[in-house]
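**Q** My questions will all concern the structure given below.
The values are calculated or read from the model by the stated rules, or taken from the named source; none is laboratory data. Everything quoted here is computed from the prediction, not taken from an experiment. Reconstructed Cβ throughout: ideal geometry from the backbone, glycine too, with neighbour counts over all protein chains shown. Keep in mind that these areas ignore ligands, DNA and RNA; they rest on the heavy atoms of the full protein, side chains included. Shrake-Rupley method; radii C 1.70, N 1.55, O 1.52, S 1.80 Å.
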Amino acid sequence: MKYGYARETGDHDLALQLSELEADGCQSVITENQKGFRELNGLMTRLDKGDSLVVWRIDKLADSLTELNVRVEELQKMGVNLCSVLEKFDSSKDSGVTKAIISQLAELEK
């Protein structure tokens, strides 16, 4: 199943994210306000191997690059594909490129 996740932050409202996720073919979209990740954490418990988690932009998954790296590793272990509409990547098709890029960004944060 293809799940969308939209998170409202100060600079991006939900309407834009929701329209992009719908256009990308997400069958279910979960929304979150900018405080915390309660809805995302709940979604993570429902994801199954082979599912896809689609975000409008990768930074919607975490508040820091280190946290993002942990989230990406968790999705990989679960066998869930990670896709980003804006950055135009799909972890099911990039042979580890997504993970490598996020790992490099996390190193820059230190």
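**Q** Of all residues in region 12-37, which are within 16 Å of LEU61 (Cβ to Cβ) and over 14 Å from the mean Cα position of the chain (by Cα)?
**A** Result: HIS12, LEU14, ASN33, GLN34, LYS35, GLY36.
**Q** Related question: Checking GLY42 against (1) among the small types (Gly, Ala, Ser); (2) modelled with pLDDT of 90 or more; (3) under 12 Å from the mean Cα position of the chain (by Cα), only one condition comes out false. Which one?
**A** (3)
Rundown of residues vs (1) charged (D, E, K, R); (2) exposed (fewer than 12 other Cβ atoms within 10 Å of the Cβ), yes/no style:
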{"site": "ALA15", "(1), (2)": "no, yes"}
{"site": "ASP48", "(1), (2)": "yes, yes"}
{"site": "ASP63", "(1), (2)": "yes, no"}
{"site": "VAL72", "(1), (2)": "no, no"}
{"site": "GLU87", "(1), (2)": "yes, no"}
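**Q** Considering only residues that are acidic (Asp, Glu) and outside any helix (DSSP H, G or I), which ones fall in region 26-41? Talk me through it step by step, then tell me what you get.
**A** Step one: list which residues in region 26-41 are acidic (Asp, Glu), which gives 32, 39.
Matches in region 26-41: GLU32 only.
**Q** Report, ordered by the first and then the second residue, all pairs with beta carbons closer than 7 Å, sequence separation of six or more or different chains, a first member in region 67-91 that is over 14 Å from LYS2 (Cβ atoms), and a second member that is at pLDDT 85 or above and open to solvent by 30 Å² or more (accessible area, probe 1.4 Å).
**A** MET78/LYS49; GLY79/LYS49; GLY79/GLY50; LEU86/ARG57; GLU87/ARG57
**Q** Sticking with this one: Please work out if SER19 is open to solvent by less than 80 Å² (accessible area, probe 1.4 Å), without any contact (Cβ under 8 Å) to a residue 40 or more places away in the chain, on the phi < 0 side of the Ramachandran plot and among the small types (Gly, Ala, Ser).
**A** Details: open to solvent by less than 80 Å² (accessible area, probe 1.4 Å): yes; without any contact (Cβ under 8 Å) to a residue 40 or more places away in the chain: yes; on the phi < 0 side of the Ramachandran plot: yes; among the small types (Gly, Ala, Ser): yes.
Yes, satisfied.
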